[in-house]
Structures are given as structure tokens and as C-alpha cells.
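No lab work stands behind these numbers, since they all come straight from the coordinates. Bear in mind that the values here come from a model prediction, so they are computed numbers and not experimental data. Counting neighbours? That spans all protein chains shown, and the Cβs are built from the backbone with ideal geometry, glycine included.
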Amino acid sequence: MTRSEPVERIDRSTLLGLGVVAVSALLYWLANRQYDAGRGDFFYLAEAFLQGRTWLTFQLGPWDVIPVGDRFYVPFAPFPAVALMPVVAVLGAVQADQVESGINALMAASGVGMCWWLLGRIGAPRLIDRVWLVILFGFSTQILWVATRGGVWHTGHLVATILTFACLLELWGRRRAWLIGLLAGFAFLTRAPLAFAIPFYALLLLPTRDEVVASVTSATNVVGGSIERARRLIPWRSWSLLALGALPSLAAFFVYNQLRFDDPMESGYALATLPEWLEAQRARGLFSPVHVPMNLDYLLAHRPGMIADPPFFRPDGLGMSVLITSPGLLFALRADWRRTKSWWLAGATIAVLLPTLFYYGGGWLQYGYRYFLDSVPFVMALCGLAAAHRGTVGAGWKALIAIGTVVMAVGVYWAYNL
């Protein structure tokens, strides 16, 4: 290369994004480094997988385990353990468990980075608006809470968020249907409600308006043109590849259950040990309409109690309204609803949320409603579409993001003191 040849430089967006990720990782680590959940089940399950077992040889805690003789099964979906196998292969399960705070901080920051990347692909025009929106995701949702608390209950949320963002990035990228299906399958093996997003990934693979116009224009006769137009408008090949990509994870789900419990339909959630009050909830139905009012309360209406001393409010650990913790997510309502993609993302948000509204668990112990995290990447995509449509994130929306960030920052205090 001669002096006169231009030197390729990293653009400002990439540099700023890397900076945001680095700062996020540091903040997450500062928040969680002194907290020990004592439940690194996925690290020990990863070790078990490496040794050809599906069970642990010891019990990590009294609740959320499945004891069968001298074997102890992890009831939670297994892909986080699969994802952690390389880490465990290098460090060992015990050492990996000891540095969980750093691992969680890196995973949460990776989600922030993927959110930044997605907002750029969607077309959020101003870098400062992208900064505000990743602050909304990273520090005004339960990502901060689960990264701080750690443990087997929360690791899955971090992994699932990364996988969902990866699906959305591919949909706004090369649109390789087989890869979207593969990632969506892994997400299902991490957080089961994310299976309900797969039909909406298929809808997001439908041709855009410009592609439809081009297809109509290319049709040269009525009969043949109609057949060709229908063939082009319905992406049968992409849908087939999407299904094939997800199929291995679906098969793995049934095989994993069969190996553990001699029943391909038994996931383990109905067998896990629980405290008495939560077992009474499960007795009313693992999934049942009777749980919907409780979960809607935790999601939309539940408030903390007021106390005389700072920080002047105390959560009860059962839940807290998303309108208190994450009011900035309402910016998603400003997306361009003339675009079908907005509706498909909204559909995915609701479809993924619905199973948890019928679920007995409620998400305890939590600050906010952590099950909503499964839907948050879709909401963030809608926020990106809103920024692209409106051209900016207004001052009022930034104020709401700031309020939510303060509320969640107080949550770090309560992570140690509830």
C-alpha cells in the first residue's frame, strides 16, 4: 500500500457502538460483582453434557431442582448450558461459576451491542437517538436486574435476548431463512415462549412492498402472470428453510425429555421442587386462565410500597408495572403502522408474552416483570422503526427513558437488600 492510497477506517457509528458496549459491560459488572446467586446450575449442566450426562450429581439448592434418586435434573430449558460448554471446557464448572458476574456482564453487554446494531439496520437516523434507545434497553428493562441477580433463573433471559436479536438482525440483513430458523430453535430451547415468535419470523420474510410492485410489473399475462405473482409473493422456499432450521431444536426438546424422564412431553417444570405457596399456585394449573389476573397485575399495575427512608419505596419482589420500570418502551407506539413489519413485530411481542400470562410462576423474585424480557427485543425493533419514521426521539421520550433508568438503577440496590 502506498501513502496515497486511502486507509480504511472504522466508521463513527461502529466506534460509538463499541464504546457503548464497553461502558455497558463495566456498569453491569459493577452492579453484579458482589452478588452471588449460588445457583450456577447451567455451568454444572454444561459440565454434565461434556461428560455425557443429563443430570447433576449434587443438589445446588432446595427449590427448582428435580431429584430422582441420586440424580438431580435441571428443570430449565437446556440451550444456555450448551452455549456455556466452551467456557466450561476451558475454565471448568466451578471456576466458571465463580466468575459468573463477569460472564453475565459480557452477555448483557452483548445484547446491548446487538440492539445498537439492529437499530442501525432498521434505520434509526441519528446516533444520539440510538444511544438513548440502547440505554432504554440496557438500563430501563429487566436486563439490568437479571444481569445483577444472575443464577439459573436469569441466565436464560440473557441468552434468549441475544438469540432473538440475532434473528431480527438476520431479518434486517441477509434474510437467510435457515439461519433464522436455527437461531429461533435455539431461543425456544432457552425460553420456551419464544417458539411463538417463529410464525412472525415467517411473516417478516414476506416480500416488501417494493418487491411486490416489482413482481406485479414483471407479470406479462393474466393467467401465467397471476401464477408467477403468487409464487413470488409467498416465499415457500424460505418458509421451508425456516422450518428445517428450527426442526433440530424441536427434535432435541423431545429427545432430551425422553432421556431424562422417559416421556418426550415432560419438560420438568411440573416436577420441580417449590416452596409451599408456589406449589399451591402450580396445583391450580401449570398454565391456566386463573393465573392471568395475577400476571397482568405484575406486568401493568403492581406498585412498590412507600417507606420513610431512602430510596423511599420498597418492592415486594413479586413484580412491578412495566409502566414504572420501562415507560420509554411506549415509544414503540410511534412506529409507522402503515408498514406490515410493524404489525408483525407487535404480533410477535404479544404472542411471546401470552404463554407467560397463563403461567403459574409469576417470575418471583423480581423487580419489574422479567418474563416480559422475552418480548422486549421485538419492542426495541418497533422503537427503531419509530425513530426511523419520526426522524428523532423527542425530549419527552428521553425524559421517560431517564425516569425508567433511575427506577432500574434503584433496582440494583434492592437486588442486594430484598
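Tabulated values for the structure
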quantity	calculated
Only one of 264, 311 that is closer than 21 Å to residue 191 by Cα and assigned to a loop (DSSP other than H, G, I, E, B)	264
Failed criterion for residue 54 (all others in (1) farther than 21 Å from residue 262 by Cα; (2) of a type in the set (Ser, Thr, Tyr); (3) not in a helix (DSSP H, G or I) hold)	(1)
Some residue of the range 140-151 being over 30 Å from residue 254 (Cα atoms), out of contact with any helix residue (DSSP H, G or I) (no Cβ under 9 Å at 6 or more places or on another chain) and in a helix (DSSP H, G or I)	no
Count of residues meeting criterion [out of contact with any Asp or Glu (no Cβ under 6 Å at 6 or more places or on another chain), surrounded by fewer than 22 Cβ atoms within 10 Å (Cβ to Cβ) and part of a helix (DSSP H, G or I)] in the range 358-392	2
Residue within the range 276-289 that is without any contact (Cβ under 8 Å) to a residue 60 or more places away in the chain and either in contact with an Asp or Glu (Cβ under 7 Å, 6 or more places away or on another chain) or under 25 Å from residue 380 (Cα atoms) (or both) present	no
Extreme residue, nearest to residue 194 (Cα to Cα), among residues of the range 59-71 that are touching an Asp or Glu at 6+ places or on another chain (Cβ under 9 Å) and not acidic (Asp, Glu)	65
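For (1) free of Cβ contacts under 8 Å to residues at least 60 places away in the same chain; (2) touching a helix residue (DSSP H, G or I) at 6+ places or on another chain (Cβ under 8 Å); (3) under 23 Å from residue 160 (Cβ atoms); (4) surrounded by 20 or more Cβ atoms within 10 Å (Cβ to Cβ), each residue gets a yes or a no:
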| site | (1), (2), (3), (4) |
| --- | --- |
| 54 | no, yes, yes, no |
| 102 | no, yes, yes, no |
| 118 | no, yes, yes, yes |
| 127 | no, yes, no, no |
| 132 | no, yes, no, yes |
